[in-house]
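Taking it in order: structure first as structure tokens, then the write-up.
The values are calculated or read from the model by the stated rules, or taken from the named source; none is laboratory data. None of the values given here were measured: they were computed from a predicted structure. FYI the Cβ positions are ideal-geometry reconstructions off the backbone, even for glycines, and counts take in every protein chain you see. These accessible areas exclude ligands, DNA and RNA; they are computed on the full protein's heavy atoms, side chains included. Shrake-Rupley method; radii C 1.70, N 1.55, O 1.52, S 1.80 Å.
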Amino acid sequence: MSLLQMYCRTVRLCTGMMIHRARKYSATTAQFSEKKLSRYFVDYRRVRVVAGSGGNGASTFHSEPRKEWGGPDGGNGGAGGDVIIKVDPRVKSLASVSAVYSGKNGVAGRNKDRCGRSASSTYILVPLGTIIKEGGKTVADLLCHGQMYTAAYGGAGGKGNHFFLSNENRAPITAMPGDRGQERVFQLELRTMAHAGLVGLPNAGKSSLLCAISNARPAVAAYPFTTLKPHVGIVKYRDHEQVAVADIPGLTPDAHLNSGLGISFLRHIEHCRILLYVLDMSSVEPWKQLQQLRFELDQYKMHLSHRPSAIVANKMDLPDAWNNLRALRNQVHQRVIPVSALTGDNIEQLILHLRELYDDYPLDSD
Ligand SMILES: Nc1nc2c(ncn2[C@@H]2O[C@H](COP(=O)(O)OP(=O)(O)OP(=O)(O)O)[C@@H](O)[C@H]2O)c(=O)[nH]1
Ligand SMILES: [Mg+2]
């Protein structure tokens, strides 16, 4: 065997091993995500809507035995269906929104003065907090459950020839076609509106936790203020329920006075039904972080810290964390979930507890 042949064979063997490993890895990953969660979240969509056209009017004349000139009896066409954007509490992201929506057409009129049926509306179901923009300008902000916006009006039905009967013209043959439906292009955007918010001091590991429980990939780094804008990840459960979790930039002392990264992030926390306080358990007296966080929230809005919440004791893989955990549990009455975002320890328990909180305090109960 020549040197070149030996080289080629080695390369083929190595590549085979790599592919095998990749397959093995993806198999375990698939099992993991199937067992627990699969995730996706879309917060932007461009959508073209075309409403239905009206039905055509009919041009017919009454006909009966021994009655030669029965007169016009063409009915009007029905109106075309509208396309309506509607908030639906079951929809959690814009992933299910298609690129094009066409409304239904109205039915044409018929003889014997029968009018065509008007078409029903077509609904585009979107999540709460969807902003509708047209040409970059906001045209609607959907903030209530069941709120609707008529994106395109259906065309009017055409008139049948009966409509044109007059003293001057006793036998009109004119009938109008139905109008075309409106056509518009929108950009749909989802504002940061999550069910649960990760609240913590800078560097507590909020972004790492979001990476561990969802598909979101915010930047993670060992310095404070890594996260500069909120990120939302979706935790999808086996029964197809989806819980949106937001990673909110770190709060600092006096955040309510607009210091640090400011007050705008407290506004995002305000939208969350559930709060997950993330504490760095490797720091000294971690319960002081909790007091600080609660103080900032309450200074911004009274009783904000009283929202349904859980304490996520992060970085449990580091020294002293377990001693701190024991002390923390003596200090607080709330449920404390010890986790490590880095190693993934106990993350499943966090996901399950999040679901319990979500079920106990649904968004609709606002
Ligand atoms: N040992 C250990 N390190 C962690 C853990 N979670 C996060 N870290 C590390 O802590 C540092 C900060 O993590 P981030 O997730 O960026 O923290 P953050 O709270 O999002 O920080 P800001 O965005 O600045 O508010 C990174 O170096 C992480 O690798 C953990 O469970 N164990
Ligand atoms: Mg971060």
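Taking every DSSP beta bridge that has both ends in the stretch 196-360, the antiparallel portion is near 25%.
Measuring with a 1.4 Å probe in the full set of protein chains, what accessible area per residue, in whole Å², belongs to the stretch 196-360?
Computed with neighbouring chains in place, this is 44 Å² per residue.
Within the full protein context, the accessible area of Thr343 is estimated at about 80 Å² for a probe radius of 1.4 Å. Largest accessible area first, the listed residues Phe164, Phe186, Phe61, Phe295 line up as Phe295, Phe61, Phe164, Phe186 when surface is computed with a 1.4 Å probe on the assembled protein chains. Since only His231, Ala216, Asn169 are under comparison, the one whose Cα sits farthest along the positive direction of the charge dipole of the stretch 101-246, derived from C-beta charges on Lys, Arg, Asp and Glu, is Asn169. When Ile311, Ile173 are compared by accessible surface with a 1.4 Å probe, the order from highest to lowest is Ile173, Ile311. Taking all protein chains into account, the per residue accessible area for the stretch 56-178 stands at 55 Å² (1.4 Å probe).
Accessible surface of the stretch 196-360, 1.4 Å probe: 52 percent of it comes from carbon and sulfur atoms.
Computed from the alpha carbon atoms alone, the convex hull of the stretch 45-114 holds 92 Å³ per residue.
With all protein chains in place and ligands, DNA and RNA left out, the 1.4 Å accessible area ranks Met302, Met176, Met281 as Met302, Met176, Met281, largest first. For Lys104, the aspartates and glutamates whose Cα falls under 12 Å of its own Cα, not counting residues fewer than eight places away in the same chain, are Asp82.
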